[in-house]
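Scroll down for the structure; my scribbles are underneath it.
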Amino acid sequence: MRLSYLDYHTCGEPVRIVTGGYPELTGATILDKRRQARDSYDHLRRAMMLEPRGHAGMYGVIPVEASHPEAVFGVLFTHNEGYSTMCGHATIALGRYAIERGLVPAVEPVTRFAIEAPCGLLRLACEVSDGKVGEVRFESVPAFVHARDRVVEVPGFGRITTDIAYGGAFYCILPASRFGLDLFESPVERLTEAASALTDTVRSGAPITHPAEPDLGFLYGTIVTDEAGSGETSFNLCIFAERQIDRSPTGSGVTARMALDHAKGLVGLGRTRSFRSITGGRFSGRVLGPAAYPAEGAVTVEVGGLSHLAGEGAFIIEADDPLGLGFALPARFAEISAAQE
């Protein structure tokens, strides 16, 4: 079997876009297609995301036919564990991909079009000069605060207070200091451990529900922040899926953070804020205005950033290759022995 692809990165976070060889998905809606990909073709996600072709931090996109009439095409987002409902860093890369590969006619100085993600319609505005795409901005699906000051008992860290907000996916959002850590000085492994423990604890408690679509009602990850004020550039670290570290500032996370800051009265309409990641990569965030949506205080947020082309090629999956469909490196040799028994 042969799968072709293009690789981009946004602030160092990979975006592997499937360009050929993936079966056509026939679901009527984008969420139907997501379920079909998960239930029938998950071996292909594993082959593209995991070793030997990928790694624990790989991220991907499967372009599909859109079901929304305004969308040029639809997308499914993939990672080491499964399928995301939204991805901002991949959306920024998709702006370049769509224009530079001729899926959308280039219009200078700004090309505008929409794509359909599992969470809804995303409207893109891409700066274009001499045929090359620069900054890509996208308008989020409605973003809102799900919970303020939720207190949970986290094993190893005690009672932790967190906010939960939605920006196409649900995130716990809190400063590292609430874990007794420092975002800049604490080892990334310790920050990852803390964020993952909080995610696991919240997931095991009262279920998170989405006001419009049951398939979107789950906690995707935790965003650990610095102590920057609302008028300052803020650094954050997002841990999602199976302890996966986002190298970018996290587009859906920036969306959720802006919705949260706006709800707290810290960021007004039209005000731009900068967010930086562990690589130093930068996204901008701006609350455009209220959104008509069945969630109190829902807003539309615009997020912007830059993406870069990293490579292209094709993967071969040989029928007799025992590791051809991908593997995650085990933590102990005992896991290999158990799997072979």
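Keeping every protein chain present and rolling a 1.4 Å probe, give me the accessible area per residue for the chain in Å².
Values: 14410 Å² over 341 residues.
On a per-residue basis, 42 Å².
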Projected onto the charge dipole of the stretch 90-165 (+1 at Lys/Arg Cβ, -1 at Asp/Glu Cβ, origin at the Cα centre), which of THR162, LEU103, ALA117 gives the Cα projection farthest towards the positive end? THR162
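Could you please state how large a percent of the accessible area of the stretch 63-217 is carbon and sulfur, counting protein chains only and using a 1.4 Å probe?
Carbon and sulfur: 47 percent of the exposed surface of the stretch 63-217.
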Compute the Cα gyration tensor for the chain, then decide on rounded, prolate or oblate, letting a ≥ b ≥ c be the square roots of its eigenvalues: rounded whenever a/c is under 1.5, prolate when a/b is larger than b/c in the other cases, and oblate in all that remain. oblate
For the chain: relative contact order, % (alpha-carbon pairs under 8 angstrom, 6 or more apart): 21
Let me check I've understood the local charge: for PRO52, count other residues with C-beta under 13 angstrom from its C-beta, Lys and Arg +1, Asp and Glu -1. What total comes out? -1
Run the dipole for the chain about the Cα centre, Lys and Arg Cβ at +1, Asp and Glu Cβ at -1, nothing else charged, and hand back the magnitude in debye, nearest 20. 580
Separation between Cα centres of the stretch 221-262 and the stretch 270-341, rounded to whole Å: 13
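The values are calculated or read from the model by the stated rules, or taken from the named source; none is laboratory data. No experiment lies behind these values; they were computed from the predicted model shown. Positions of Cβ are generated from backbone atoms using ideal geometry, with glycine treated the same way; all protein chains shown enter the neighbour counts. In case anyone asks, the SASA skips ligands and DNA or RNA and just uses the protein heavy atoms, side chains included. Shrake-Rupley method; radii C 1.70, N 1.55, O 1.52, S 1.80 Å.
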